[in-house]
Amino acid sequence: MRSEVHAISGAVYDELGEGRVRVHKGKSYGIFDWEGRWQEGDITRADPHLLQYVGGPDLPAGIDEMAAQLEAAREQAKTETQQQDLSAGDLAEDAYTGSVRDPRYGVRNMIIGEGQTTVAPYVGDPGRETGKGWRSKGISFHEVLAGDTYPERIPEELWEDSPMPGGVTRVSTERFTSQKWHDLEVEQLWKKVWQFACCVDDIPEVGDYIVYDIAHLSYIVVRTGEDEFKAYNNACLHRGRQLREFDGKKATEFRCPFHGWCWEIDGSLREIPSEWDFPEVREDADHLREARTGTWGGFVFINPDPDCEPLEDFLGSLPQHYEKY
């Protein structure tokens, strides 16, 4: 019975007979057939090459696996040559290395010594034209997914094609340097999109808060309950002075350092000093202006747009995709 240690992971591959292989490391194990199908155990992934080597059927006596692969590669090269209908002299076989040269792509199937190994030099990808533009001539992403051990477990989103056309897209440097584009980005993106503000663990106690700044916008993100978070515009409703300049712990109020106007951590008005000097403003100042908040996976998100879609809709299937993590 064969037994091999994986050179990278250190897991031991033991042949069990009948094409089955036990992979184990420490107290963890998994059992697979030699073609890579998992059967049992908490290890669900294994090196397919080592599974084949340890548990696969023996080749006939005198047949070397690499030699068999090499012969198949030679036959494939001959077939490709015939299909390409190259004129005489376009291909040349090197008497020393046994390699086949194609003037368009360079050296292919280079053999170093008889039956030893195959060197795969870099071959430029000429690409292929599709309905959405030029793509790689090589294996498609869909083919990679289809070859997965458990393709039925792959989320639907990963099967979707990119809506962007293929090929080169030039982007003007003005997008990165002009005030006009910056202002558009603030108005159309940062004022309307759900964005990560902090981790739940950054503000673990009621009253803990962070100051979140994006462009010229500033928000106080505070924990107001065991599982409740609020985000307020970081501006006093009197003269607009910032209520907080730095992060803090266990706040019981947000009092403006300019004239002392004060709000509870739930955003409701607590006090207007010398309120008789400010008649008819209590209704306008009775609550700090809020951004929408939401949490997922230990992260706190905010959205300045009061009419935005719920965070759950924005995330879509992302929580299900990461559920096992």
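The values are calculated or read from the model by the stated rules, or taken from the named source; none is laboratory data. A quick note: this is a predicted structure, and the numbers were derived from the prediction, not measured. Positions of Cβ are generated from backbone atoms using ideal geometry, with glycine treated the same way; all protein chains shown enter the neighbour counts. Just the protein is used for accessible areas: all its heavy atoms, side chains included, with ligands, DNA and RNA removed. Shrake-Rupley method; radii C 1.70, N 1.55, O 1.52, S 1.80 Å.
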Ignoring ligands, DNA and RNA, how do Asp208, Asp161, Asp266 rank by accessible area with a 1.4 Å probe, largest first? Asp161, Asp266, Asp208
Mind checking which lysines have their Cα closer than 27 Å to the Cα of Lys25? Skip sequence neighbours fewer than 8 apart in that chain. Lys324
Counting only the heavy atoms of the protein chains, how much of Thr177 is accessible to a 1.4 Å probe, in Å² to the nearest 10? 110 Å²
For region 1-52, rounded, prolate or oblate, judged on the Cα gyration tensor with a ≥ b ≥ c (square roots of eigenvalues), a/c < 1.5 rounded, else prolate if a/b > b/c? rounded
Between Glu143 and Arg170, take the C-beta separation as r, use R0 = 25 Å, and let me know the FRET efficiency to the nearest 0.05. 0.25
How much area per residue is accessible in region 183-325 when the probe is 1.4 Å and only protein heavy atoms are counted (Å²)? 59 Å²
At a probe radius of 1.4 Å, what is the per-residue accessible area of Val211, in Å² to the nearest 10? 30 Å²
Estimate the FRET efficiency between His182 and Ala7 by the formula 1/(1 + (r/R0)^6), using the beta-carbon distance for r and 56 Å for R0, to the nearest 0.05. 0.65
Partner lysines for Lys230 [C-alpha distance under 26 Å; skip if fewer than 8 residues away on the same chain]: Lys191, Lys192, Lys249, Lys250
So for Cys262, Cys199, what's the accessible-area order with a 1.4 Å probe, most first? Cys199, Cys262
Could you work out the per residue convex hull volume over the alpha carbons of region 133-220, in cubic angstrom? 194 Å³
Cα-based equivalent ellipsoid, region 161-311: semi-axes from gyration tensor eigenvalues, Å: 34, 20, 13
Students sometimes get this wrong: rank Thr173, Thr295 by accessible area, probe 1.4 Å, all chains present, largest first. Thr173, Thr295
Carbon + sulfur, % of accessible area of region 258-297 - ligands and nucleic acids excluded, 1.4 Å: 47 percent
